[in-house]
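A short worksheet on the structure shown next.
Laboratory data are not the source of any read-out in this text; all were calculated from the coordinates shown. Only a predicted model underlies this, so the values are computations on that prediction, with no experimental measurement involved. Note that we place each Cβ from the backbone using ideal geometry, even for glycine, and neighbour counts take in every protein chain shown.
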Amino acid sequence: METEIVYAEEENSSEAITKAVRLLSDGDVVALPTETVYGLGASALDEEAVAKVFEAKGRPSFDPLIIHLSTREQIHDYCDLSPGLNDVVQKLIQAFWPGPLTMVLPKKDIVPDIVTSGLATVAVRMSAHPVMQEVCKALGTPIAAPSANRFGRISPTSAGAVFKELDGKIPLIVDGGACNSGLESTIIRVEEGEGKALLHLLRAGPVVKEDLQEYGKVVRPKKLSERAMRAKEERAEGGGSPVVEAPGMLDSHYAPSIPLYFHDKPEDFTPEEGKRYALLSYRGQVRDGYMDLYDWDVVEELSPGKGKLAEASVRLFHLLRMLDESGVDAIVAEPVAETGLGVAINDRLRRASVNH
């Protein structure tokens, strides 16, 4: 299969969108830009098309997908919301949609089980990227779209990165420019609570804990939801696959092809003789403890000199990909400040590392 790249610039975005919608309508898959990372999309209501997403990525069927809606109102078509749950969901929608917030909610039967990995919940969001919005609107159905990379690898934030990952496996990449957020969406499971709603933070992302606290009690789930727990028990009895409530929750994810080591303290790093190491530094400052720790072969900085988390989040996956292709044997990553966006950045680095 030959993979084509079409550019969705202002003067010819309609042509790119038309081509993407035609392929999606015919049951094929297309890589599309969002404000977070590039997604590999298929019509969420077409089970055979969704199966092609899993096949192209090499993604296990137990890892559920996010569906992207074209309007805020569409949530009622695909999610089964009680009056109480709807109240908090609507407040979150008004505050964060379109944008990088995904909500895990009870699903309606119209959503195929392949999308949700057999769970009774579905992950939904509305992208702020104009190309994804236009394609969703023109297609007329939600788009199921995980990141457009091989399963478990570095998420792509440019069309070129998608091409390196999936060339020959998909027919079309719509190039909408570099992603301006750089981290996958925040995922929360929303539940009614006594007094305040419960917002279970399943995956940290651009919408941070402090943003969400106005709308409910933000908790890090120590266990699966009751629905997911029942599904886990049923699968265990039948010798089935693991249960994952939302994308990006597996212990190993976002990884380069070479080993990445993430150490909370510089003294935890012990180099092996004869190996070449790269440093992914937070801000390139000696006082952080890593710059002078070793005679690094390559150094890249997430936010040179400044330590701005927004800049670090945009550069994270791009720099990981650069270091992966730099010819070193391993990457050592400094932690960033564990606050706001830093929680999400450190989460991605931990999941990408071989020592966590």
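Remarks
- Candidates Val115, Val244, Val298, ranked by Gaussian network fluctuation over the chain, Cα under 10 Å, top entry: Val298
- Straight-distance crosslink candidates among lysines, where the alpha carbon sits under 24 Å from Lys164 and sequence neighbours closer than 8 are dropped: Lys19, Lys52, Lys57
- Taking other C-beta atoms within 10 Å as the exposure proxy, Leu69, Leu201 rank Leu201, Leu69 from fewest upward.
- Using C-alpha pairs under 8 Å with a sequence gap of at least 6, the mean separation divided by the residue count of region 7-75 gives a relative contact order of 17 percent.
- Cα-centre dipole for the chain with unit charges at Cβ (Lys and Arg positive, Asp and Glu negative), debye to 20: 700
- Cα-only Debye scattering, region 260-352: base-10 log of I(q)/I(0) at q = 0.13, 0.20 Å⁻¹: -0.37, -0.92
- Its Cα gyration tensor gives the chain an equivalent ellipsoid. The semi-axes, each the square root of 5 times an eigenvalue, are 32, 25, 20 Å from largest down.
- Approximating the spin labels as points 7 Å out from Cα along Cα→Cβ, the Lys169-to-Val298 distance works out to 2.1 nm.
- Alpha carbon centroid spacing (whole Å) that separates region 290-316 from region 148-179: 24
- A dipole drawn for the chain from +1 and -1 charges on Cβ atoms has a positive end, and of Pro256, Val89, Val298 the residue lying farthest that way is Val89.
- Residues Thr141, Thr71, sorted so that the one with the fewest Cβ neighbours within 10 Å comes first: Thr71, Thr141
- Theoretical ellipticity at 222 nm over the chain - DSSP helices of four or more residues, -39500 (n - 2.57) apiece, nearest 500: -9000 deg cm²/dmol
- Applying a threshold of 28 Å to the alpha-carbon distances of Lys217/Lys265; Lys169/Lys209; Lys107/Lys217; Lys107/Lys137 flags Lys217/Lys265; Lys169/Lys209 as lying beyond it.
- Burial ranking of peptide ranges 18-24, 46-52, 277-283 (average Cβ count within 10 Å, highest at the top): 277-283, 18-24, 46-52
- Inter-part distance where region 5-76 and region 189-213 are each reduced to a Cα centre, Å: 27
- In nm, spacing of pseudo-spin labels at Thr71 and Arg276 (7 Å Cα→C-beta vector): 5.6
- Projected-area mean, region 20-152, by convex hull of Cα positions, square nanometres: 7.1
- With a simple spin-label model that places each label point 7 Å from the Cα along the Cα-to-Cβ direction, the separation between Lys217 and Ile110 comes to 3.4 nm.
- Mean sequence separation of contacting Cα pairs (under 8 Å, at least six apart), scaled by the length of region 31-123, corresponds to a relative contact order of 35 percent.
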